[in-house]
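The values are calculated or read from the model by the stated rules, or taken from the named source; none is laboratory data. Bear in mind that the values here come from a model prediction, so they are computed numbers and not experimental data. All Cβ positions, even for glycine, are placed from backbone atoms using ideal geometry, and neighbour counts span all protein chains on display. Heavy atoms of the whole protein, side chains included, go into the accessibility calculation; ligands, DNA and RNA do not. Shrake-Rupley method; radii C 1.70, N 1.55, O 1.52, S 1.80 Å.
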Amino acid sequence: MKGISKTAHAGFSPLIPAVLAPPEVLTQAPPGFIPPPLNPSGARLETKELAPGVYGLLSSKPPVDNSGFVVGEHGVLVIDAHINGAMAGLIQTAVRQVTSKPILYVVNTNYHGDHTFGNYAFPQETLIVAQQKTAEIMRDFEREKQFLLPTVDNDPTVFGDVRLRLPDVVLDEYLELDLGGRVVELHHFGHGNTPGDTIVYVPEARVAWTGNLILGEGQIPFLIEGGAGAYLETMAKFAHTLEVGTIVPGHLALTSGAILDRYLPYLSELIESVRKAIRAGQNLEEAIAGTPLGQQYTQDTAGSDSPLLAQFVAFRAGIHRWNVWRTYQGMKGDPTYRGPEAAYAATHEKNAMFVLG
Ligand SMILES: [Zn+2]
């Protein structure tokens, strides 16, 4: 089951920075963008039973990452490994409060360090599972640490302990894992927040973990690497394929499948508005001004004066500005911008991998 040839890595990393957003991009964003605060210091993970054997691990300090686990007769599957060894330890403590069965799998929903850096702190026997593109991009460990720095108060000690642990098993579009009396499905519907976004779904409970594809209740898509059209297609496939009840999102409050009724129109409207701006010859600033975040996406938080909510509103508004910026760049054919799909195409041939499912 050892999936990845170590010798296939040579020559890989120089390609990645050229085709993905450079590390400093979080601080070069349009005015108003706030990097998500992901420093886990002081965060707890609260266990919430969503169905028999199905548990969400909800961060007490959003948007610090959520996680979760599913228990079957043979063992446990964990969703996302968190940002460092300490947080991965909290996940394992939470599992141990429910069962002494072995942790058979850890699934990484995307390549970002806040979902993968904890991999190394799980037992050697645990198989790390990820989508192919996620596994490939994860190899550029140094770049990812740079990228995450502004999200952890520029404190590199947050992940000072971390050693890169790559996936043992990779999937392309689909993989089913039977934990014994409980099946877990992994779905990759295409590029979204990242090129390899994976949804973990427990069909008997209709519970899904979405990673960054859905950040949380009240949120909008975050096109961190651009690709609005691809994101829309991915969400449409998701909506058509799975009948989701509860969603454990990557970073914020628990939500439900109904959030897709917000995501799909948001993405269509974004594409339409930016296209119009470009046809009208508008520059980026004019396009941003001409594409406000629609009222239907903000009315849930209107009229509240809670400071936490104000922070959430500002974060969402910043994401929207980012989305308009990236969509404009992508459509304008900016030579410095290359769609996220290019990252995979450029490196695919160079890397032999063992694919299950
Ligand atoms: Zn994330």
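Condition check ((1) among the polar types (S, T, N, Q); (2) closer than 20 Å to TYR55 by Cβ; (3) touching a strand residue (DSSP E or B) at 6+ places or on another chain (Cβ under 8 Å); (4) buried (at least 21 other Cβ atoms within 10 Å of the Cβ)) across all residues:
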position: VAL202; (1), (2), (3), (4): no, yes, yes, yes
position: ARG206; (1), (2), (3), (4): no, yes, yes, no
position: THR210; (1), (2), (3), (4): yes, yes, yes, yes
position: ILE214; (1), (2), (3), (4): no, yes, yes, yes
position: ILE220; (1), (2), (3), (4): no, no, no, yes
position: ILE224; (1), (2), (3), (4): no, no, no, yes
position: GLY227; (1), (2), (3), (4): no, no, no, yes
position: MET235; (1), (2), (3), (4): no, no, no, yes
Pairs with Cβ under 9 Å, 6+ apart, first in region 29-57 and more than 18 Å from LEU254 (Cβ to Cβ) and at pLDDT 95 or above, second more than 16 Å from the ligand (Cβ to nearest atom) and among the acidic types (Asp, Glu): ASN39/ASP153; ASN39/ASP155; SER41/ASP153; SER41/ASP155
Sort out which residues of region 62-87 are more than 14 Å from the ligand (Cβ to nearest atom) and open to solvent by 20 Å² or more (accessible area, probe 1.4 Å), and write them in order of number. GLU73, HIS74, ALA86
Taking the conditions exactly as written (within 16 Å of the ligand (Cβ to nearest atom), farther than 30 Å from PRO52 by Cβ, touching a helix residue (DSSP H, G or I) at 6+ places or on another chain (Cβ under 9 Å) and outside any loop (DSSP other than H, G, I, E, B)), does TYR266 satisfy them or not? no
Is one or more of the residues making up region 115-137 more than 30 Å from GLY245 (Cα to Cα), of a type in the set (Val, Ile, Thr) and within 16 Å of the ligand (Cβ to nearest atom)? yes
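Restricting attention to region 289-303, report how many residues are modelled with pLDDT under 85 and open to solvent by 60 Å² or more (accessible area, probe 1.4 Å). Reasoning before the result, please.
In the first step, residues of region 289-303 are kept if they are modelled with pLDDT under 85; the result is 299-303.
If we keep only those that are open to solvent by 60 Å² or more (accessible area, probe 1.4 Å) as well, we get 299-300, 302-303.
Residues in region 289-303 being modelled with pLDDT under 85 and open to solvent by 60 Å² or more (accessible area, probe 1.4 Å): 4 in total.
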Tell me, which strands (runs of 3 or more DSSP E) lie completely within region 147-228 with 3 or more residues that are over 29 Å from THR327 (Cβ atoms) and away from the ligand (no atom under 16 Å from the Cβ)? 174-178, 183-187
Has region 135-152 got any residue that is basic (Lys, Arg), more than 20 Å from ASN66 (Cα to Cα) and open to solvent by less than 40 Å² (accessible area, probe 1.4 Å)? yes
Pairing a residue in region 289-309 that is part of a helix (DSSP H, G or I) with any residue that is not hydrophobic (A, V, I, L, M, F, W, C), where Cβ atoms lie under 7 Å and the two sit 6 or more apart in sequence or on different chains, gives TYR297/ARG262; TYR297/TYR266; ASP300/GLY218; THR301/GLY218; LEU309/THR301
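Quick one: would you say PHE147 is of a type in the set (A, V, I, L, M, F, W, C) and modelled with pLDDT under 95? First the steps, then the outcome.
On the way: of a type in the set (A, V, I, L, M, F, W, C): yes; modelled with pLDDT under 95: yes.
Taking the combined requirement at face value, the residue satisfies it.
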Considering region 41-57, residues that are surrounded by 22 or more Cβ atoms within 10 Å (Cβ to Cβ) and in contact with a Leu (Cβ under 9 Å, 6 or more places away or on another chain), and then whichever is nearest to ALA205 (Cα to Cα), we arrive at GLY56
Of LEU252, LEU242, which residue is within 22 Å of GLY294 (Cα to Cα) and either open to solvent by 10 Å² or more (accessible area, probe 1.4 Å) or within 13 Å of the ligand (Cβ to nearest atom) (or both)? LEU252
